[in-house]
1. Considering only residues that are under 25 Å from Glu271 (Cβ atoms), surrounded by fewer than 12 Cβ atoms within 10 Å (Cβ to Cβ) and of a type in the set (Ser, Thr, Tyr), which ones fall in the stretch 303-331?
2. I'd like to verify a number: residues in the stretch 212-228 that are outside any strand (DSSP E or B) and either within 16 Å of ligand 2 (Cβ to nearest atom) or closer than 14 Å to Leu239 by Cα (or both), how many?
3. Name the pairs whose Cβ atoms lie under 7 Å apart, with the first residue in the stretch 274-298 and more than 11 Å from Arg124 (Cα to Cα), the second away from ligand 2 (no atom under 15 Å from the Cβ) and among the hydroxyl-bearing types (Ser, Thr, Tyr), and 6 or more positions between them or separate chains?
4. Could you give me the residue pairs with C-beta distances under 6 Å whose first residue belongs to the stretch 212-223 and is more than 15 Å from His193 (Cβ to Cβ), whose second residue is surrounded by fewer than 19 Cβ atoms within 10 Å (Cβ to Cβ) and of a type in the set (Gly, Ala, Ser) wherever it lies, and which are 6+ apart or on separate chains?
5. Identify all residues within the stretch 258-289 that are closer than 21 Å to Val84 by Cα, away from ligand 1 (no atom under 16 Å from the Cβ) and either in contact with a His (Cβ under 7 Å, 6 or more places away or on another chain) or not in a loop (DSSP other than H, G, I, E, B) (or both); write none if there are none.
6. Which residue is nearest to ligand 1 (Cβ to nearest atom), if the candidates are limited to the stretch 306-332 and must be modelled with pLDDT of 95 or more and of a type in the set (A, V, I, L, M, F, W, C)?
7. Can you tell me which residue within the stretch 35-80, out of those that are assigned to a loop (DSSP other than H, G, I, E, B) and among the aromatic types (Phe, Trp, Tyr), is nearest to Ser13 (Cα to Cα)?
8. Looking at Val259, Val254, can you tell me which residue is β-branched (Val, Ile, Thr), buried (at least 17 other Cβ atoms within 10 Å of the Cβ), in contact with a Ser or Thr (Cβ under 9 Å, 6 or more places away or on another chain) and under 21 Å from Pro69 (Cα atoms)?
Amino acid sequence: MIPLSASTLKTESWQQQLAGAFSRVEDLLAYLELEGHFEPAMKAASRSFGFRVTRFFASLMEKGNIGDPLLRQVLPLGAELQDVPGFSRDPLADRAAHEGNGLLHKYHGRVLLITTGACAINCRYCFRRHFPYVDYQASPGQWQSLLRQLQQDAGISEVILSGGDPLILGNARLGRLLGQLRQIPHLKRLRIHSRLPVVLPDRLEAGLVELLERTGLSTSLVLHINHPAEISRELVDALAPLRRGGIVLLNQAVLLAGVNDTTDTQIHLAEALFQAGILPYYLHQLDRVQGAAHFAVQDATAVALHRSMQARLPGYLLPRLVREIPGTTSKQPLPLSQNEQPM
Ligand SMILES: *Cc1c(COP(=O)(O)O)cnc(C)c1O
Ligand code: SF4
């Protein structure tokens, strides 16, 4: 086999790069010169939630470092197979909140649309690792009924495309969906939640940028970047046309033990995001999903970390520290107020 060089990567389309992603732990470890760290439990863990890492994301990792913060986010571990009390398969009760057709309507004025269950990489801490996507995502055939539902509810002013990763959809499908959303007069804002530009910057090709600029809606792109090493030159360059097109760039991160749970890393992340034209939006406390307990940071530790960030950052670079609590009407800021504490 001819080894992939940086220049072969460049000439491949984003779809080819997606298809060429690492799908076996051993291959990623070999690429990182970490063969000796392979354990059979990693295979077992990746049977419960698939292993998937783009070569571009792997290229941002440090070779020979098993503790690399990017590697840690995607490396399956035996610990995932342990049942830990308090960690469940559906921590956000999404199955109950689901309206059918891929629509999640939990918060006032905005709906979240699950466009696909697929992602370009599989993050081990993901709260959707057990979510039965096939039953919940909006298939193209269901879009008509879903659009009718949006049309009939004048209280909805914002649609959030989420997933999975909505940018996995090709431009043709996205374009059709956006064209239909544009026809709904009460819709004011479009938001896209995506990690794809981070792990595959070539996805932000000119055709997509044009689509996003032509929506006729105030549009924001909420990226998902957890560590400053994820902000590559390629990502910054690919985002520039979006910024010029007036698309607001925000970031949500998840607080992860061993990845980004120090004040210095968080400060560095906030500053590097701003340098790239992205504002920190949320810092999420981990959703307590089975298999992700080894990433959890105690609430008290998280609050102390957030306070020390606040002492060092300008207000506009301080992300809101939040936890999602099923049944509430927004993300809940930490520390939780008295009436939100469990009795
Ligand atoms: C997180 C979330 C949103 C978006 O919340 P914002 O606070 O507006 O960012 C909307 N709908 C659902 C179901 C969510 O989980
Ligand atoms: S939904 Fe986001 S966090 Fe979950 S696997 Fe996909 S990219 Fe990662």
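The values are calculated or read from the model by the stated rules, or taken from the named source; none is laboratory data. Since the structure is predicted, the reported quantities are computational estimates derived from the model, not experimental observations. Because the Cβ atoms are built from the backbone with ideal geometry, glycine has one as well, and the counts that use them run over all protein chains shown.
1. Hit for the stretch 303-331 is Tyr316, nothing else.
2. Pass one, the stretch 212-228, residues outside any strand (DSSP E or B): 212-217, 225-228.
Now narrow it down to the ones that are either within 16 Å of ligand 2 (Cβ to nearest atom) or closer than 14 Å to Leu239 by Cα (or both): 212-213, 225-227.
Selection size over the stretch 212-228: 5.
3. Between residues of the stretch 274-298 that are more than 11 Å from Arg124 (Cα to Cα) and residues that are away from ligand 2 (no atom under 15 Å from the Cβ) and among the hydroxyl-bearing types (Ser, Thr, Tyr), the close pairs are Leu279/Tyr316; Arg288/Ser88.
4. Filtered contacts from the stretch 212-223: Glu213/Gly245.
5. Val259 - this is the single residue of the stretch 258-289 that is closer than 21 Å to Val84 by Cα, away from ligand 1 (no atom under 16 Å from the Cβ) and either in contact with a His (Cβ under 7 Å, 6 or more places away or on another chain) or not in a loop (DSSP other than H, G, I, E, B) (or both).
6. Filtering first and then ranking leaves Val322.
7. Phe51
8. Values: Val254 fails: in contact with a Ser or Thr (Cβ under 9 Å, 6 or more places away or on another chain).
After applying the criteria, what remains is Val259.
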